[in-house]
Amino acid sequence: MVSLQLPLSTINNKIFSHFNPKPASCLCRVGNRSRAFPCNKYSIFRGGEGTITTATAEEERLLPDELRPELMPKHVAVIMDGNGRWARQRNLPTSFGHRAGVRALTDLIDLCCKWGIRVLTVFAFSTENWLRPKLEVDILMSLFEMVLKEELKILMRQDVRISVIGDSKKLPKSLQKLKTEVEDTTKNNSGLQLIIAISFSGQYDIVQACKSIVEKTKDGVIQPNDITEAVIEQELETNCTKFPHPDLLIRTSGEQRISNFLLWQLAYTELAFVKSLWPDFGKADFVDALCEFQQRKRRYGGRDS
Amino acid sequence: MAQELEMENSNEGTLQRLFQRLVAMMSGFLQWLFFTVLSVGPIPNHIAFIMDGNRRYAKSQKLGPGAGHKAGFSSLISILESCYKIGVKYVTVYAFSIDNFKRDPIEVQSIMDLMLEKIDELLKEESIVSSHGIRINFFGNLELLSEPVRMAVAKAMVETAKNTNVVLSVCVAYTSTNEIVHAVQESCREKIAQALLNSKFNCEMRDFERGYNTLSKVDCSITLEDLERHMYLAECPDPDLLIRTSGETRLSNFLLWQTTFCYLHVLDALWPEVSPWWLGWVILHYQRAKPYIDKRMKVL
């Protein structure tokens, strides 16, 4: 049950400093196989021979030693699962879990910007989530508005372009307006593209694509026989990016399901199921998932040469 | 002397056979016990398999070309048998993707030949299909298959149509995106046909001549249900569990629409190495995850 003990506006980082997410483990569990990654904690100490120095901003932008720049994914998608459980483990209201989740997200955005990932898609709110208790849904909608407003300046400085996908007709009017403003303000940014999926599902995406295709067949613009994968692809909401297909999907909290996220686009995506709850997902978990990704051989149905 | 030696060898052979039979019986008993314990918990109604790793298996065992896929087929029969024993009603397997046509033509041809050979075997009286009442469906863009394979596939579907115990869906010349394209095309054709019918019925000849422009949006809007009706696997429920072998953690364009809420499990074992024990192990994991999945689904 969600209970509001504090109005959202008074929730700030000072409160959350007492509930800092604990350090994430370095294990990535997939199926019945759990494997500790052959990656050491990345060295933040680089310097001349025999010297130890703290990392400068320049050095921190460098990838960890375990990661090869040429094998970095262009598009990473994340199912941010586990906020509710994180809060329950600490006997806190669910809203605290969502707020802690926002911190994890901003940290991830930082890393993606630094490590040259081109697109980050996050599953913030699915079409199924509308069935959650109204109070929780209202809290989430307010949280989205607050976070978009609070983080916009920082994201502008980071040259992040924001796109919001999903059925915006169901969103509160104020959030719809904010969505348009944020997309407009950041449209010329050329750094990381952050795609936030709100009121979205993979099946919804395909159905809405089909509706526009049907309109075109109705108007005689195309015939049913002319409908191809490329035609459908153009109508999907991920047509807002040059890299619509995620290379890597990360789902936190140990659940091994797609839960109706980015259905079409995940055809050849490498999946990584991480045990950490989303607020606990940190740099170590992300490096582990990227390590795992870089070791995989992607054949797309063909054969290794 | 020679006779004594022969008798000794013969005794040893008999003993060995007896021992092997005993081991097989014990293994069978233990397996039966394992499955009985499993059946106390929830059993997935529909399991989908991505049968990956046949060629790597052949390479690791130093087998000839095509042997990996033959071993893979034996594994499929063994898993099918286990699914029948455990009570799984629907089994779907990813036999051949449209992307696989990109492979070496000799390999593609050998897989097609194997399919012909095995379909023939399965339709025989003494096969598992008859004894266990298995209905076989083939789903995919079957137009891409050669005529002999298309005919064999059609024959298998007709001859097993009356079986009702287990439904085996074999996805061949299949990708999920191709399935969705097919569903969209069919839905569009249905909507256009419906629209024409409405126009004729209302005797609005001017509308009919102008085309479809006067039709209301309601007449032609596509829904989720429209698409689902035209999916290849429309007659099967969505999979509860999807298992991919050989350690790869991706869907490879398999059942993207149907696995939205499915529990996904990856096994390191290559497909020909998968035994009923592995299947039971995965079902145990599924049973552990199911209460939480059910809890989330109740909210929906």
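Just for the range B:116-171: of the residues that are of a type in the set (Lys, Arg) and more than 14 Å from the chain's Cα centre (by Cα), which one is modelled with the lowest pLDDT?
B:124
Return yes when residue A:215 is without any contact (Cβ under 8 Å) to a residue 40 or more places away in the chain, farther than 18 Å from residue A:266 by Cα and acidic (Asp, Glu) and no when it is not. Steps first, answer last, please.
Numbers: without any contact (Cβ under 8 Å) to a residue 40 or more places away in the chain: yes; farther than 18 Å from residue A:266 by Cα: yes; acidic (Asp, Glu): yes.
Taking the combined requirement at face value, the residue satisfies it.
Which ones in the range B:278-288 are farther than 14 Å from residue B:77 by Cα and in contact (Cβ under 8 Å) with a residue 40 or more places away in the chain?
Those that are farther than 14 Å from residue B:77 by Cα and in contact (Cβ under 8 Å) with a residue 40 or more places away in the chain: B:280, B:282, B:283, B:284, B:286, B:287.
Looking at this structure, is residue A:100 in a strand (DSSP E or B) and either at pLDDT below 50 or within 21 Å of residue A:154 (Cβ to Cβ) (or both)?
Details: in a strand (DSSP E or B): no; either at pLDDT below 50 or within 21 Å of residue A:154 (Cβ to Cβ) (or both): yes.
In short, no.
Identify all residues within the range B:129-186 that are among the aliphatic types (A, V, I, L, M) and closer than 30 Å to residue A:208 by Cβ; write none if there are none. Even if it seems obvious, please write down each step before you answer.
Our first condition is that a residue be among the aliphatic types (A, V, I, L, M); within the range B:129-186, this holds for B:129, B:134, B:136, B:142, B:144-145, B:149, B:151-154, B:156-158, B:161, B:166-168, B:170, B:172-173, B:180-181, B:183-184.
Across the range B:129-186, the qualifying residues are B:142, B:144, B:173, B:180, B:181, B:183, B:184.
For (1) at negative phi; (2) not hydroxyl-bearing (Ser, Thr, Tyr), each residue gets a yes or a no:
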{"site": "A:233", "(1), (2)": "yes, yes"}
{"site": "A:252", "(1), (2)": "yes, no"}
{"site": "A:260", "(1), (2)": "no, yes"}
{"site": "A:263", "(1), (2)": "yes, yes"}
{"site": "A:270", "(1), (2)": "yes, yes"}
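For a quick check of your reading of the model, give me the residue pairs whose first member lies in the range B:7-28 and is at positive phi, whose second is aromatic (Phe, Trp, Tyr), with beta-carbon atoms closer than 9 Å and at least 6 apart or on different chains.
Cβ pairs passing all conditions: none.
State all residues of the range A:131-157 that are within 24 Å of residue A:239 (Cβ to Cβ) and in contact (Cβ under 8 Å) with a residue 40 or more places away in the chain; if no residue qualifies, say none.
Those that are within 24 Å of residue A:239 (Cβ to Cβ) and in contact (Cβ under 8 Å) with a residue 40 or more places away in the chain: A:144, A:155.
Can you name every one of the helices (runs of 4 or more DSSP H) wholly within the range A:193-305 that holds 1 or more residues which are among the basic types (Lys, Arg) and away from every other protein chain (no Cβ under 11 Å)?
So the answer is A:283-295.
Kindly list, by first and then second residue, each pair from a residue in the range B:165-187 that is within 15 Å of residue B:91 (Cβ to Cβ) to a residue that is surrounded by 22 or more Cβ atoms within 10 Å (Cβ to Cβ) and polar (S, T, N, Q), limited to pairs with Cβ atoms under 6 Å and residues at least 6 apart or on different chains.
B:169/B:92
Condition (residue is modelled with pLDDT of 90 or more, facing chain A (nearest Cβ under 9 Å) and surrounded by 14 or more Cβ atoms within 10 Å (Cβ to Cβ)) applied to the range B:210-218: is it met by at least one residue? Lay out the reasoning, then the answer.
Keep residues of the range B:210-218 that are modelled with pLDDT of 90 or more, which gives none.
No, every residue in the range B:210-218 fails to be modelled with pLDDT of 90 or more, facing chain A (nearest Cβ under 9 Å) and surrounded by 14 or more Cβ atoms within 10 Å (Cβ to Cβ).
Among the numbered conditions (1) among the aliphatic types (A, V, I, L, M); (2) closer than 19 Å to residue B:73 by Cβ; (3) more than 12 Å from chain A (Cβ to nearest Cβ), tell me where residue B:234 comes up short.
Exception for residue B:234: condition (2).
Would you pick out the residues in the range B:146-191 that are in contact with a Gly (Cβ under 6 Å, 6 or more places away or on another chain) and within 19 Å of residue B:112 (Cβ to Cβ)?
Hits for the range B:146-191 are B:171, B:172, B:173, B:174.
Determine whether the range A:150-163 contains at least one residue that is touching a strand residue (DSSP E or B) at 6+ places or on another chain (Cβ under 6 Å) and aliphatic (A, V, I, L, M).
Among the residues of the range A:150-163, at least one is touching a strand residue (DSSP E or B) at 6+ places or on another chain (Cβ under 6 Å) and aliphatic (A, V, I, L, M), which makes the answer yes.
For the range A:178-192, which positions are in a loop (DSSP other than H, G, I, E, B) and not basic (Lys, Arg)?
Looking only at the range A:178-192, we keep the residues that are in a loop (DSSP other than H, G, I, E, B), and these are A:187-192.
Within the range A:178-192, A:188, A:189, A:190, A:191, A:192 meet the criteria.
Return yes when residue B:204 is modelled with pLDDT of 80 or more and away from every other protein chain (no Cβ under 11 Å) and no when it is not.
Judged against the criteria, residue B:204 is not a match.
The values are calculated or read from the model by the stated rules, or taken from the named source; none is laboratory data. Here the structure is a predicted model, which means the values were calculated and not measured. All Cβ positions, even for glycine, are placed from backbone atoms using ideal geometry, and neighbour counts span all protein chains on display.
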